[in-house]
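> Supplied in structure tokens, the structure appears directly below.
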Amino acid sequence: MSALLGAEAQGKKGLPLDADFAAVSRLPLDADFAAVSRPSLFMHHLNISPTAIMHKTENVHFRKTNKNTVIKRVREVYLRTDIPCLSSQCPMNPPCHERVKVESSLLTSETPYYLIPDYSVSLRYVELLEQEELTNIIFSETILQRLQSEDKSRTYKSLRQVAKDPRRRSVVFCNEHCEDTHVEREPNESIEHRDWRALLKSALWYYSHLQRQVPIILLSEQFSQADAAEYFEIEGITVLSAKQYLNQYWPNNSVLHELFDSLKEAILEEDVKNQTQESGALRKSSSTGYQEYKPLSELEAGVKSERFFQGVLKVRANHRDQAFIRGNANIGEIVIMGSEYRNRAVHGDVVVVELLNKASWVAPSTHISYDPEEVHAAADDNDEERSTGRRHREIKPTGRVVGVLTRNWQPYVATLQEGSEKDSGSFHLVLPLSPIIPKIRIRHHDPKVLANQRIVVRIDSWPTNSQYPNGHYVRSIGPVHELDTEISAILIEHGISVSQTTQGFSEGSLKEMPVNTDENPWKPDSKELSRRRDLRKHTVFSIDPPNCQDIDDAISIRELENGKIEFGVHIADVSFFVKENSLTDLEARSRGTTVYLSDRRFDMLPKVLSEQICSLRHHVDRYAMSVMWTLDSEANVLDSWFGRTVIRSACEMEYEQAQGLLNGKDVVPNLDAKTCKQLKPSVVLLAKTMRKVRARRMANGGLELESSEVKFKFKEEGGGITDILPKQPLEVHQIIEEAMVMANSHVAKRIYTGFRDSSMLRHHPPPIESHFKMLIRAAESRGFTIDTSSNLSLANSLRECAAKSQGDIEFVRLIKTMATMAMSEASYMSSGSCPVNEYAHYGLALDFYTHFTSPIRRYADLVVHRQLTACVEGELLSNKTTALSAPSSTVSSLAHSELLKNGFKMEQLAEHLNYKNRESKFAQKDSTELFQTLFILQRTRRQSEGTGLGSAGKDGDEEEVPYVEAGIISEIRENGFFVFVPRLGIKGPVYLKEKSGDVVVPLSVLKSLTKGTKDKGELQQQSKEHLVNVSGCEMDTDLMTKISISVPATVAREYTSDKDGGLARNVQFRLFDKVQVALRLKKSLAHRHSIYMTLIGLEPPKSTADGLTLPSTNRLFKQKGSVGQQLKQDEVKRIAQQDPGLAKLSERELIQQIRQGQEEATTSLKYTKSNKKKAGKKQPDPEEMYSQTRAESSLYRLMDAFDRFRIIESSETEV
Amino acid sequence: MSRVELLTPEGLRVDGRRPAELRKITSTTSVLSQADGSAYIEHGNTKVLAAVYGPCEVRHRALAVHDRAIINVELNVAPFSTSERRRRTKTDKRLLEMSSFVKQTFEAVVMMNLYPRSQIDVYLQVIQHDGAMLQACINATTLALIDAGIAMSDYVCACTAGWIEREPAIDLNYIEESSDTSEVTIALLPKSGKVTLVQMESRLHVDKLEELLSLARDGCQQLYGELDRTIRDRAEDLAKKIVV
């Protein structure tokens, strides 16, 4: 027994005795609760940190509860000795961060000092700390905890983000739990002073820990050097205010200084008091109708018990007064009407909503809002809005916001309210560019500077007694409506490049790039060549849009002797050049994707890689990642091989050239005969094979969907847009797309076998049935039924529609677009994060899919490349040892990065990439819209020449020349409808009811319905008729399908000289009716100009007796001699010619379809050729007009490479 | 009010521990002179006093079992044990449930056939409650039973473990417990490695249970070291007194 005890005693050696032990034995009941702190020592016996000695103290504070009682909170605090300094200059051996498991970036020796901001600086100047220039920042736990306890979660998150970003070399130091730096609050000491002391102590600790090598700069607005000296001897520590710091260390950085100045003027919580006093005078009543949010605990309990509902608040883009959240499955969508019920929540916030009682439930209004200003105004007087909203329509659950869980406040682009610059006083309202964001009150000393500028603002707070949120000015982007301003506004709104400094690549990442200059061109390394499969003997070619610089895919195909086909897809080997976690990699990861705007692009990778070394140019050796298949004659995959290769492309073909070869031409423009001869068999074989593959996929339910894409033609100089052209698909597009889809899906399967839990896949969930309601009803109105039960049945019924619609191309397009809109969004995911049956891709009808083929412009592809490399290398290794071991086990045996295997991190990365993708798509959409409005602006102004900028009045200028186009009604609303103009890809509203509630119809519409032919005199007169509005009509809407207007006889008589009143008494607009519209711009200062349309004429549906006449407006249109001239007549024909993809939809047999499509394309070419000869200049050859080869500007080629609205994979052509 | 961050990215919990660390344990035995055995244990700020009376004759004849003893556990939580005073009645269902957990745990360990027709009373008083109450109660009972000299086949060490913000952690405190964590309490016989109690009231994915259990088991082993030392210290102390 004694031996045993002895052993025990030895085990205890080195144990500090429990200081409290004696006291404890006197216990139990005199436990000293009142003690503010009771340090005691004990040692921890843990396997991870056997030496960690922890002190226990207690943190005691008093709190008031909801019941107004005061309670005492006691929390334990354990002080540790193992808190690492996280500096690469740590003198300890081993460095202290290696002794504990911690994931953090490390402080470096890049700067000669470390920065420690205090609470006042972190709160007020977060944006400053977010600037990339400032590195090596130590965030103390003290300020982070205080930010959390004072509910500054946004600031907290920003700081955390900075600490997380490895490029910033910034860390979080847990000083509150570090034994050496823990500070107790002394009696009568204010929190500020205690925190200040804590910071000083941490600074001192760092200074002495790093052996006095690194001086520390403490940033504080509250305290000075003298305040620091009060407590400690402060050797090596400098206390500076933010201003002093900037002056001293960044004297020439204007960005930082500007930012500092604007932040200085920001409104902070402490200012709120005097600010509300000021604004109280401005507003009539102090009651804003807002309510305090309920406490978090109540919200959480409420959500759990389904008394409340939680969701992301979305504001309707065209009705700022309406917002909604998606509640749970039982309740569906919950509508929130009016700003009072929205209760200070902003679009994107995660909110908790309480349902109102059923009596006050309303139906969301479905009318088209008139203009963005009105939308903003509507928020101010929501009573009126609500009364109009309450109609006999479908009533939806309605609720009000009772709490906000997470704010989603971002930097917003805004404009000073008109007239506000004349006001004295420092508070001003700004109107955000996006109408879904409320006006923001900012403080600025000189509003004149801000007038007519787009500025960036941030929201800081929104107290209950304030109608609008408080924010601050960050910086100015430039004058309103200037192209550069508007484009940077788009970028900022979508978070693509918030900081001006990040647009370029950092020096560090450029240094990592291989050298490729004219004198010293990059050459493959011979060692590396020996490791790769040499495919330089194969005929490899790429097919891309003209002038494509970043070629990331190439193809090779050849027939083997035994009748089999060897088919290869070769993708630029970006992962070879961009090593994981290198600076370039981190930068690319944060960018996520290359962003293509209508006239420019923002690269994901530096130009050296994207345009030179990685780009698979012809006649040079390039590294590639290849997928090689052996196919049988029916295009079934017999064998596949993945791996790194080296290739030498024979030719950079353009789509038109390839199509030419495919169509049987022997020589195509810009290619010499020899190359043509070499490539032609390959192209033909490729087409033959891919048609089979595609037919098989279509038979499985792959969808062919439609989107309206347009591209812009720019003037060579002067920056004007000469035309908007719809993008025209060629068969080659489909062929290349099919090859890429094939490569992607095979790679997806391969990486899934290697990384079960963490492969980067792309899935497309099946659509939600209810989203098809609109599509089904729309099709019904034309007598079609659509079966949406599966992707196959949907594809079949769409084909049916196309077949039976008798060549009504626009209708087919619109139906397909509607189907596209109903789809859910395809997204990246990590295979570990959802069950296997959710991996499938609905649109493509594939079980596995990923993105592999565009690593130059998408980061996801780069990850997939790395995973594939890991799989392949793992396989090679295992082949050497045991032929049949599972690849997954060998992968793990390789030293691969944590990221590729970590399912959780992969999931986070997928989320990030999804977000970036979505934002870049929105930015693309916005920029297209911007250019569309610019185009309309030019068009409507051209003839009225000489109108100066901005001289045009508010709307509907008489001197403006209407720009008339043919359109099709795409959506019926309560007070009008949306018209889609296929030629321009523009969808715009047509109002039939004015703001005042008057229903109006242009006279020309009425006339065109009754009158047949008109003589010339009448025509002259008629040119004005579309401007004459017949008011006092009555309107009846059958939502979604038709809208009818009846003109009372009394009214009709006023407008006509004929005795019989040559006017139709009844006009009906049905969905998919074709109309003539004039496109106009609604000008606005605070927002982008918006396009709206006025009705000019109605084109009678084909089925009705067409004996009457052509719509008179058609002639009117001709007289004007505007550009659109022959378009109307030729519209249908033209689309049919240029779009074999559409024309062939009428066929059922799939393979036959493709062949026929090819024939059609050939004939159309012949046709247009002959047409060209006949028509000469007057009737430009459509092929020529819309040809992609005729890019007028080098910027313009970019547009080709990118698909605009495409949400779904099937349309994601991997060009 | 913002949500408390239960686990910082630096890997520290609210009170500065790392996920696999226990709180400070203070324990002693024979704190009450009246009782046959007694013990006091602190897990951080969770403080429990246990008193054992018996084995003695059963109070109600009808309850007596002819070949073994019965264990009777009464658990009482002081109104001042949490920061807001709350008086609990004796018939509080939660408390009754918890005392039955304690009872069942020990029925398997106490060699009850040595004490036929008798009764062992365990009175537990929670003085301060800062999470992991059941764990503290079981550990206190173990010490008190040993102190009373009642024959047991092994120590019983209990430890909670829970999943906080994607990481498994042991010995949860009140803040961690009350913010929706999936929590498991296990009681382990450290020498044989057998588990006598697993209690969980929330949902947890099956895949994660294994990890949690093994972590809790490690925690129990650590606890065993602490409890055993207390007992041995006490025994040494007594031995010295005998010699003198």
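Every number in this text was worked out from the coordinates using simple rules, so none of it is lab data. None of the values given here were measured: they were computed from a predicted structure. All Cβ positions, glycine included, derive from the backbone under ideal geometry; neighbour counts span all protein chains shown.
> So which of A:Lys56/B:Lys47; A:Lys773/A:Lys1083; A:Lys564/A:Lys688 end up more than 25 Å apart by C-alpha?
Checking Cα-Cα distances, A:Lys773/A:Lys1083 exceed 25 Å.
> Just counting partner chain Cβ atoms within 10 Å, what average do the residues of peptide A:54-61 show around their Cβ?
Mean shielding by partner chains, rounded to a whole number: 3.
> Can you list residues whose amide H is under 5 Å from A:Glu994's amide H, if they're 5+ apart or on another chain and H is modeled 1.01 Å from N?
Placed amide hydrogens put A:Val999, A:Val1000 under 5 Å from A:Glu994.
> Helix-only estimate, please: 222 nm mean residue ellipticity of chain B, summing -39500 (n - 2.57) across DSSP H runs of length 4 or more and dividing by its residues, to the nearest 500.
-10000 deg cm²/dmol
> In whole angstrom, how far apart do the alpha carbon centroids of region A:517-542 and region B:14-39 sit?
That distance is 70 Å.
> Could you give the length gained on full extension between A:Glu561 and A:Asn59, defined as 0.36 nm per residue of separation minus the Cα-Cα distance, in nm?
Length difference between fully extended and current span is 172.5 nm.
> Among A:Phe712, A:Phe755, B:Phe80, which comes first, then next, by fewest other beta-carbon atoms within 10 Å?
Arranged by neighbour count, lowest to highest, A:Phe712, A:Phe755, B:Phe80 become B:Phe80, A:Phe712, A:Phe755.
> Additional query: Check which residues have an amide H placed less than 5 Å from A:Ile116's amide H, if you skip close sequence neighbours.
Here A:Ile138, A:Ile217, A:Leu218, A:Leu219 satisfy the definition.
> Summarise the partner chain shielding of B:25-37 as one whole number: the mean count of Cβ atoms from other chains within 10 Å of each residue's Cβ.
Shielding by partners across B:25-37 averages 2.
> Same structure, new question: Please work out the FRET efficiency for the pair A:Glu580 and B:Ala64, using the Cβ-Cβ distance as r and a Förster radius of 56 Å; give the result to the nearest 0.05.
Computed FRET efficiency for A:Glu580 and B:Ala64: 0.20.
> Here's a follow-up. Angle, helix B:93-107 long axis vs. longest principal axis of chain B, Cα atoms, 0 to 90°, nearest 10?
With both axes taken from Cα atoms, the answer is about 60 degrees.
> When you count, for each residue, the other Cβ atoms within 10 Å and take the mean per peptide, how do A:541-550, A:739-748 rank with the highest first?
A:739-748, A:541-550
> Give A:Lys537/A:Lys674; A:Lys511/A:Lys901; A:Lys511/A:Lys607 a once-over and call out the pairs whose C-alpha atoms are over 20 Å from each other.
Beyond 20 Å: A:Lys511/A:Lys901.
> In whole Hz and in residue order, list the ³J(HN,Hα) couplings for region B:164-173 that follow from phi through the Karplus curve 6.51 cos²θ - 1.76 cosθ + 1.60, θ = phi - 60°; x for Gly and Pro.
10, 6, 6, 10, x, 9, 10, 6, 6, 8
> A further question on this structure: Please average, across the residues of A:70-80, the number of beta carbons from any other chain that are within 10 Å of each residue's own beta carbon, and give a whole number.
Mean shielding count: 5.
> So if we plug the beta-carbon distance of A:Phe922 and A:Ser770 into 1/(1 + (r/R0)^6) with R0 = 22 Å, what FRET efficiency do we get, rounded to 0.05?
That gives a FRET efficiency of 0.35.
> Would you list A:His445, A:His841, A:His428 from fewest to most Cβ contacts within 10 Å?
Listed from fewest to most nearby Cβ atoms, that is A:His445, A:His428, A:His841.
> Here is a further query. Treat each spin label as a single point 7 Å out from the Cα along the C-beta direction, and report the A:Tyr915 to A:Ala699 distance in nm.
It is 4.4 nm.
> Something else now. At 7 Å along the Cα-to-beta-carbon direction for both A:Gln213 and A:Asp998, put a label point, then send me their distance in nm to one decimal.
A separation of 8.1 nm, rounded to one decimal place.
> Report, to two decimal places, the Cα Rg of region B:25-243 normalised by 2.2 N^0.38 Å (N = number of residues).
Here the Cα radius of gyration is 1.01 times the empirical estimate.
> What does the highest-first list of B:228-240, A:341-353, B:57-69, A:462-474 look like by mean Cβ count within 10 Å?
Peptide ranking by packing, descending: A:341-353, A:462-474, B:228-240, B:57-69.
> Compute the FRET efficiency between A:Lys304 and B:Ala239 as 1/(1 + (r/R0)^6), taking r as their Cβ-Cβ distance and R0 = 51 Å, and round to the nearest 0.05.
0.35
> For the pair B:Lys194 and A:Ser526, how long in nm is the line joining their label points, each one 7 Å along Cα→Cβ?
Label at B:Lys194, label at A:Ser526, 7.4 nm between them.
> Further, regarding this structure: Explain nothing, just the number: dipole magnitude of region B:25-243 about its Cα centre with +1 on each Lys and Arg Cβ and -1 on each Asp and Glu Cβ, in debye rounded to the nearest 20.
840 debye
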